[in-house]
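Presented below is the structure to which this report refers.
No value in this document is a laboratory result; all are computed from the given coordinates. Not measured: the values here are computed from a predicted model. Quick reminder, even Gly has a Cβ in these numbers, built from the backbone with ideal geometry, and neighbours come from all protein chains shown.
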Amino acid sequence: MRTVTLGKTSIKISEFIFGAGAIWGIGGSPATLGLGITREQGLDRLDEARDLGITVVDTADVYGGGESERTVGAWYQTRKPQNVLLETKVGSVEGVGPGQQRADLSRPHIERQLAQSIERLGHVDLYLSHGPDEDTPLEETLEAFAAAKEAGLIRAFGMSNVDAGLLEKLLVTADRNGLPRPGWLQNGLSLLNRNDEADLLPLAASEGIGYTPYSPLAGGVLSDRYLDRAVPEPGSRIAVAGPLYYPGMRTPDNLVKVSALRDFARDREMSVAGMALSWLRAHPLVTAPIVSPSRPEQWSAVREALRSDLGEEDYRRIGAIFAP
């Protein structure tokens with residue numbers, strides 16, 4: 001597996017990241033708590049990710065009601081993997097505590113949640129805001145991340161779920177106040193979700209900011225699982241959290257496009273999922289996609305993508321199938 005540089009942080013990471021957001025839940029919603037993979041399955045997936053050469057594990061303080069962070073921390077403490085970075089997030093409105101009705105990126109909240117994440121994980125290398133907080137001044141949020149970095153509590157910080165307008169404001173605020181800029185972004189991007197390609201990705205690239213997309217397979221829709229009128233299996237991500245995290249993904253129009261991708265992939269002796277990941281890996285503005293297999297056999301798509309160096313013509317033809 002190749003290594004890439006995470007924006008201007010100078011930190012080297014693997015070209016794929018393992019997402020631990022399915023451990024004991026799907027994301028951080030209380031509605032999906034306990035419906036993800038078990039702690040034991042999570043430990044197995046973490047071992048498999050390490051064995052494949054993945055060097056970044058992504059989680060969040062709210063995933064699985066905190067069980068994701070605790071499982072990742074236990075895995076790191078017992079396995080002691082070499083050169084693996086732990087990444088987590090703060091500020092989600094989901095599942096943090098009773099009475100919280102909005103995203104919170106205030107300095108006290110960041111300090112409190114970072115301390116909790118360090119207690120669960122053992123340490124934090126990479127730290128991200130989980131979503132926009134419209135009530136806290138951007139300067140306060142950036143100061144909190146800068147203080148955490150200055151204190152040696154984190155190595156670098158980034159932002160998740162931002163649009164181009166917010167990124168512009170963040171950069172202006174950082175530069176005006178002499179504060180560090182975010183080093184990378186974490187948003188959703190896949191063949192079925194290409195919204196960031198219009199404005200955000202070009203802006204991030206022009207500023208040297210990395211981009212590590214989540215949901216590269218759109219909850220499994222970018223596979224053959226739902227073709228030929230197949231229905232979601234009980235316990236699958238689409239069955240458990242489709243309307244919550246993957247709205248508008250499993251539609252008749254999208255499945256027609258996925259079927260066309262299957263024909264294209266078959267001609268090259270690849271799976272649909274492998275081809276979708278291969279396209280994202282070849283994307284010139286993507287740093288490292290986040291993958292989150294829930295079963296060991298699902299790593300085959302990642303291995304296919306790693307073996308495939310998608311040519312410019314194939315990259316363009318796949319993109320044309322899913323033209324925004």
- Could you please report the charge total around residue 243, scoring K, R as +1 and D, E as -1 over all other residues with beta-carbon less than 13 angstrom from its beta-carbon? +2
- So, relative contact order of the chain in percent, Cα under 8 Å, 6 or more apart, is 17
- Message: Please report the net charge: other residues with Cβ closer than 15 Å to the Cβ of residue 24, K and R +1, D and E -1.
- Response: -1
- Query: Using a cut-off of 29 Å between alpha-carbon atoms, which lysines can reach residue 89, once sequence neighbours fewer than 8 places away in the same chain are excluded?
  - Reply: 8, 12, 80, 149, 169
- Label residue 48 and residue 199 with points 7 Å out from Cα along Cα→Cβ: what is the distance between them in nm? 3.9
- Item | Additional length obtainable on full extension of the chain from residue 38 to residue 256, 0.36 nm per residue less Cα span | 75.1 nm
- Message: Can you tell me the length gained on complete extension of the stretch residue 230 to residue 172, counting 0.36 nm per residue apart and subtracting the Cα distance?
- Response: 16.0 nm
- Message: Using the Kirkwood formula on the Cα atoms of the stretch 109-150, what hydrodynamic radius do you get, in angstrom to one decimal?
- Response: 11.1
- Message: With every atom except the alpha carbons ignored, what do you get for Rg and Dmax of the stretch 1-147, in angstroms?
- Response: 15.2, 44
- Message: Charges on Cβ only, +1 for Lys and Arg, -1 for Asp and Glu, centred on the Cα centroid of the stretch 194-321; of 242, 200, 214, which one is farthest towards the dipole's positive end?
- Response: 242
- Item | residue 2-residue 77 pseudo-label distance in nm [points 7 Å out on the Cα-to-Cβ vector] | 3.8
- Using alpha carbons only, how many degrees (0 to 90, rounded to 10) separate the axis of helix 67-79 from the longest principal axis of the chain? 90
- Query: Rounded to the nearest 20 Debye, what is the dipole magnitude of the stretch 165-238 about its Cα centre when Lys and Arg each give +1 and Asp and Glu each give -1 at the C-beta?
  - Reply: 180
- 0 to 90° range, to nearest 10: angle between helix 312-321 axis and the chain longest Cα axis: 90
- Positive-end residue of 153, 167, 293, charge dipole of the chain with Cβ unit charges: 293
- Message: For 43, 185, which order do you get if you count the other beta carbons within 10 Å of each Cβ and list the fewest first?
- Response: 43, 185
- Query: Roughly what angle does helix 272-282 make with the longest principal axis of the chain, taking Cα atoms, 0 to 90 degrees, to the nearest 10?
  - Reply: 50
- Rotationally averaged projected area of the chain (alpha carbon convex hull; nm²): 15.4
